[in-house]
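To start, the structure under review is shown below, and the notes come after it.
Throughout, read-outs are computed from the coordinates displayed, never taken from laboratory work. What you are looking at is a predicted structure, and each value in this text was computed from that prediction instead of being measured. Here the Cβ positions follow ideal geometry from the backbone for every residue, glycine too, while neighbour counts run over all protein chains shown.
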Amino acid sequence: MGKNRIQVPILLYHRILAVDDPRDPYCISVAQFEQQLQLLSALGYSTITLSELAAAQWGEQKGDAVEKPLIITFDDGSKDNRTVAYPALQKYGFQATIFMLPEMAGQTDAQTGIEYLSWDDIFLMRDAGFSFQSHGLTHSAMVAMSDEVLRHELRQSKNMLEEKLDQDVGFMAYPFGLFDQHVQRLVEEAGYTGACGGTPQLDGSFPDPFALGRTEIFKNDSMAHFRFKLRQGHSYYYYYKKRLGGLLRKTGVR
């Protein structure tokens, strides 16, 4: 991956349900999810972990681990990631990375009613090759935290996961995708290898391990739109907005 700059899409999902929730744009149905997985399989993609991406990009031994690498991620760690998404992923031979809130494991959100993965769920998926990484403790915007609170969120979530999982936790995902250079510095200071957030890099370059951009998948994405996102990293709107911005800069229009 490192020397040849092979594209590595990093997809972002949240909840996968038997029937999607029409009120939640982040929740998609298992039928839609399986269609997407079927396409990814037909196109020859194989899933890798963020650790494998890091080793290929910034490690001492660079090389191509698989011909068409792909990273599938989920944020928050809701129960459906095991009961619905996990069987579908296994059906197509895919694995995923789940960014979770360790204090919510086995709990139910009192406001939303969303149930979260239990530790038994997590151990089952871990043993099947799924990766569990940090999403902080409270799912709060890190850019609004004091340094003291942020350091606690970063270190405590990492330590809790490593103790429970008995393995290194080297990555995190910024809640709401919000971060700045100061937050990045504190994430690195806390001992993380990298973090997800920012603009997808589909040219095969990953210049900043603490700004690994992901392509978010929504329930209103058609298969044509999903294919487009897979190639370009962005939705139609943001892709053409970026292209238009580049054209205007070339012509001197402000």
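Remind me, relative contact order of the chain in percent, using alpha carbon pairs under 8 angstrom and six or more residues apart?
Details: 442 pairs, mean separation 51.9, N = 254.
Relative contact order comes out at 20 percent.
Would you list D221, D76, D24 from fewest to most Cβ contacts within 10 Å?
D24, D221, D76
Kirkwood Rh and Cα-based Rg: tell me the resulting Rg over Rh for the stretch 79-142, rounded to two decimals.
Details: Rg = 12.2 Å, Rh = 12.4 Å.
Over the Cα atoms of the stretch 79-142, Rg/Rh equals 0.98.
Within a Cβ distance under 14 Å of A144, other residues only, what is the Lys/Arg minus Asp/Glu net charge?
Numbers: positive: none; negative: D147, E148, E153, D180.
Net charge around A144: -4.
Exposed loop sites here are GluC sites (Glu not before Pro) in DSSP loop states with at most 16 other C-beta atoms within 10 Å. What is the longest stretch of the chain lacking them?
Values: sites that count: E60, E67.
Longest run free of exposed loop sites: 68-254.
Can you give the Rg to Rh ratio for the stretch 10-220, taking only C-alpha atoms and Rh from Kirkwood?
On the way: Rg = 16.4 Å, Rh = 17.5 Å.
Ratio of gyration radius to Kirkwood radius for the stretch 10-220: 0.94.
Please find the FRET efficiency linking N159 to Q111, where r is the Cβ-Cβ separation and R0 is fixed at 30 Å, and quote it to the nearest 0.05. Write down the numbers at each step before the final one.
Working: r = 27 Å, r/R0 = 0.90.
So, using R0 = 30 Å, E works out to roughly 0.65.
Of M172, M104, how do they rank once you tally other Cβ atoms within 10 Å and put the fewest first? Numbers along the way, then the final one.
On the way: M172 27, M104 20.
Arranged by neighbour count, lowest to highest, M172, M104 become M104, M172.
Report the net charge of residues surrounding Q181, where surrounding means a beta-carbon distance below 15 angstrom and charges are Lys +1, Arg +1, Asp -1, Glu -1.
-4
Taking the Cα-to-Cβ direction at Q181 and at R23 and moving 7 Å from each Cα, how far apart do the two end points lie in nm?
Those two pseudo-labels are separated by 4.2 nm.
Given the convex hull over the Cα atoms of the stretch 20-113, what projected area results after averaging over all orientations, in nm²?
Numbers: hull surface 30.5 nm².
For the Cα atoms of the stretch 20-113, the hull's average projected area reads 7.6 nm².
So which of K91/K158; K79/K164; K164/K219; K68/K91 end up more than 22 Å apart by C-alpha?
Numbers: K91/K158 30 Å; K79/K164 18 Å; K164/K219 33 Å; K68/K91 19 Å.
Too far apart for the 22 Å limit: K91/K158; K164/K219.
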